[in-house]
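Below is one structure; the comments refer to it alone.
What follows draws every value from the coordinates through simple rules; no lab data is involved. Model, not experiment: these values are computed from the prediction. Every residue, glycine among them, receives a Cβ derived from its backbone with ideal geometry; neighbour counts consider all protein chains shown.
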Amino acid sequence: MNVLFIMYPWEAITPASDSTLRMIHECAIRGHRLALTTAPNLTIRDSTTMAFCRMFDPAVKPSKTIETFYKQAKFKEQMLPLAGFDVIFMRANPPLDATVLNFLDSVKDDVLVVNNVLGLREANNKLYTAAMNGPGAEITPRTWVSKNKEYLQRVIRENTSQKMIMKPLNGFGGSGVIVIEKTATQNINSLLDFYISGKGNESNYVIIQDYVEGADQGDVRVLMLHGEPIGAMRRVPAEGEARSNVHAGGKAVKHVLTAEEKRVCKLLGPKLVKDGLFFVGIDLIGEKLIEVNVLSPGGIVNINRLNKVKLQKRIIDWAEDMVRQQSWSRERRVALRKTVDEA
Ligand SMILES: Nc1ncnc2c1ncn2[C@@H]1O[C@H](COP(=O)(O)OP(=O)(O)O)[C@@H](O)[C@H]1O
Ligand SMILES: [Mg+2]
């Protein structure tokens, strides 16, 4: 198949820890036609969505060793139409660029985009999980979202627990996530001012959330492929740190999903598939869902190492199956149309 990765520059890859590189390598080993591009290289030429791509030279046999493969990679620079690919993996780093989604909108009916443009748009910030609870399915901590300071102060004051979490709606990588103690009223006022007030006349939404006990033991990252868990790990936060993000110094250790964690995956899985969120990383603390990471989730390298697996194989197997099914249904339709046309 023809595969395009929209990502960060090749030179920015750290070969030892990069999840996307594992997926690229797997495609190369299988002999798929493979191209890379970055967001600023998307373009429209003569009314067709294209990208300035780096195409892997099909004549060069890829090394089985990932680091050697990375070093030896040779590219041909070419402008190629997006709709000429079977799969586009959207692997750019957060924050999500709205214009990139608009480029992808123009080919979303022709190409399998992972993750789906509509799903990326819908689940890109923390509102996706903030409004998820319902009777019988309390899978996320109770959550409040607002930019009204007095209201949020009241929420904190009236909450029975001593500790809550405050975070910006559009944050990522653990930035701006803090634990607030109800007794520290002055701090809370000042923090709310700081979080809500933006540049100029802008203001920001703030999330207030029940603090989930056990967060100091770390969180669990589960990679979900087509609604099913394919691997997990526990991330233990650094000493004196409330956030488990690897960017905030967290360390990865082996984890086997508990029955309750599997239940959360089972409840969430069908929704993810329906929303076109085929490959995501979910974060669980104490069996509560904290976050769904839909844009370029990581963790493949750590889970591979801890569980002695190669998750990239399962991901590319899945993509091949999806593409096979799509092309079969296209061919079938063409053949059946012909029967009717000629009747
Ligand atoms: N409700 C919560 N209770 C306890 N810890 C939390 C809670 N929400 C976030 N955290 C901690 O902060 C980290 C980052 O929060 P998260 O909501 O995942 O934001 P980000 O998008 O920045 O990763 C989590 O991995 C967890 O360690
Ligand atoms: Mg997170």
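Miscellaneous remarks
- Among beta bridges that DSSP assigns inside the chain, antiparallel share in %, nearest 5: 80
- The dipole here belongs to the chain: it is taken about the Cα centre, uses +1 on the Cβ of Lys and Arg and -1 on the Cβ of Asp and Glu, and is about 700 debye.
- Cα shape, the stretch 71-114, gyration tensor, a/c 1.5 rule: oblate
- Prolate/oblate/rounded label for the stretch 4-131 (Cα gyration tensor, a/c 1.5): oblate
- Reach of K163 by Cα under 17 Å, taken over aspartates and glutamates that are not fewer than 8 positions away in the same chain: E181, D210, E213, D216, E241
- Rounded tilt (10° steps) of 19-29 against the dominant C-alpha axis of the chain: 20
- Straight-distance crosslink candidates among aspartates and glutamates, where the alpha carbon sits under 13 Å from K126 and sequence neighbours closer than 8 are dropped: D283, E291
- Extreme residue, positive dipole direction of the chain, given options G218, V107, M55 (C-beta unit charges): M55
- Lysine pairs in the stretch 196-343 whose alpha-carbon atoms fall under 23 angstrom of each other, counting only those eight or more residues apart or on distinct chains, come to 22.
- Approximating the spin labels as points 7 Å out from Cα along Cα→Cβ, the S203-to-R330 distance works out to 4.9 nm.
- Cα-based shape type of the chain, given that a ≥ b ≥ c are square roots of the gyration tensor eigenvalues and the cut on a/c is 1.5: prolate
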